[in-house]
Amino acid sequence: MDADHPAEPDVARLFAPVAVEETFEGVLAEARQVLRDLDDPVDAELWGTDLIGALASSAASHASVMSTLTGSLVPAAETASTPEALALLRVFAAVGSPALRAAAGQAAARLRGQGLADPPWAAAIGGPRVGDCWHYADVGGRQESLTVSFAYGDQQHAISVLIDHGRGGKIRDIWVTKGSGLRDDTEREAGRDPLVVFEMIGAAAAGLRLQRAISAGECPEQPDQVDDVVAHRALLRARLDLLAAQG
């Protein structure tokens, strides 16, 4: 999760050594502890993408974990029929793969129909408004930072991707920033460096650049970059689907 969030249990340490199918009780305990205290859909999404990253530590295993979550954890959550299970399904319906989002959303609707109360962020999660998009790069074009901003109401956030064109356009880092003013701050800082080029771009162009970067693969090097990419991979892909749907 990003620096705006307080310390939370290390989901990678808790769940990585265990098969995904065997983690359900631990996942529910995490959901009960964390999700009940949240009122911001972005915080719930960050928790969910971090959890999925802990269960899928590499891009190669991402699709496999999404399939397992769809086939195992979604039915288990529906069977549990508890408030934390419903909250977990709402998160999966926001940051999962298309198949996981569909299955989790349908299961959540059935639990809601049985009278379970939704968390306060449930109506909004997964559907933020797309805002400004921009990128900046060194004049040699070796690396590029691409940012897409979103908003839930007047609460803004942005997801940024560092693309390494020296490594075939692969993703080196992914991070999320909450709050307003990021574009102005970025443009101001870029303007102070004659070797950096800043440019506003449209949402469709941003989506194409993100798709190319995801297709190229990942190349984090520093430990914090590895953690960032793993933790935010699911959210990035869900936001790319959102961009495509609105384009």
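The values are calculated or read from the model by the stated rules, or taken from the named source; none is laboratory data. Predicted, not measured: the structure shown is a model, and the values here were computed from it. Backbone-built Cβ (ideal geometry, glycine too); neighbour counts: all protein chains shown. Keep in mind that these areas ignore ligands, DNA and RNA; they rest on the heavy atoms of the full protein, side chains included. Shrake-Rupley method; radii C 1.70, N 1.55, O 1.52, S 1.80 Å.
Is it the case that segment 46-64 has a residue that's outside any helix (DSSP H, G or I) and crowded, with 24+ Cβ neighbours inside 10 Å? Walk me through how you get there before you give the answer.
Going residue by residue through segment 46-64, those that are outside any helix (DSSP H, G or I) are 56-58.
Checking which are crowded, with 24+ Cβ neighbours inside 10 Å leaves us with none.
The answer is no, given that none of the residues of segment 46-64 is outside any helix (DSSP H, G or I) and crowded, with 24+ Cβ neighbours inside 10 Å.
Counting only strands (runs of 3 or more DSSP E) that fall entirely inside segment 130-203 and contain at least 3 residues that are among the β-branched types (V, I, T) and over 17 Å from Q225 (Cα atoms), the qualifying elements are 196-201.
Scanning segment 142-158 for residues that are within 19 Å of D40 (Cα to Cα) and either without any contact (Cβ under 8 Å) to a residue 40 or more places away in the chain or surrounded by fewer than 20 Cβ atoms within 10 Å (Cβ to Cβ) (or both) turns up S149, A151, Y152, G153, D154, Q155, Q156, A158.
Yes or no: Q211 touching a residue at least 24 places away in the same chain (Cβ under 8 Å), of a type in the set (S, T, N, Q), part of a helix (DSSP H, G or I) and open to solvent by less than 40 Å² (accessible area, probe 1.4 Å)?
Details: touching a residue at least 24 places away in the same chain (Cβ under 8 Å): yes; of a type in the set (S, T, N, Q): yes; part of a helix (DSSP H, G or I): yes; open to solvent by less than 40 Å² (accessible area, probe 1.4 Å): no.
Judged against the criteria, Q211 is not a match.
Give the residue that is nearest to the chain's Cα centre (by Cα), with candidates limited to residues of segment 90-109 that are open to solvent by 20 Å² or more (accessible area, probe 1.4 Å) and in contact (Cβ under 8 Å) with a residue 40 or more places away in the chain. Explain how you work it out, then say what you get.
Pass one, segment 90-109, residues open to solvent by 20 Å² or more (accessible area, probe 1.4 Å): 90, 93, 97-99, 101-103, 105-106, 109.
Going one step further and asking which of them are in contact (Cβ under 8 Å) with a residue 40 or more places away in the chain, we end up with 90, 97-98, 101.
Details: R90: 14, S97: 11, P98: 14, R101: 13 Å.
So, considering only residues that are open to solvent by 20 Å² or more (accessible area, probe 1.4 Å) and in contact (Cβ under 8 Å) with a residue 40 or more places away in the chain, the one nearest to the chain's Cα centre (by Cα) is S97.
R112 satisfies every condition listed in (1) open to solvent by 10 Å² or more (accessible area, probe 1.4 Å); (2) not polar (S, T, N, Q); (3) not in a helix (DSSP H, G or I) except (3).
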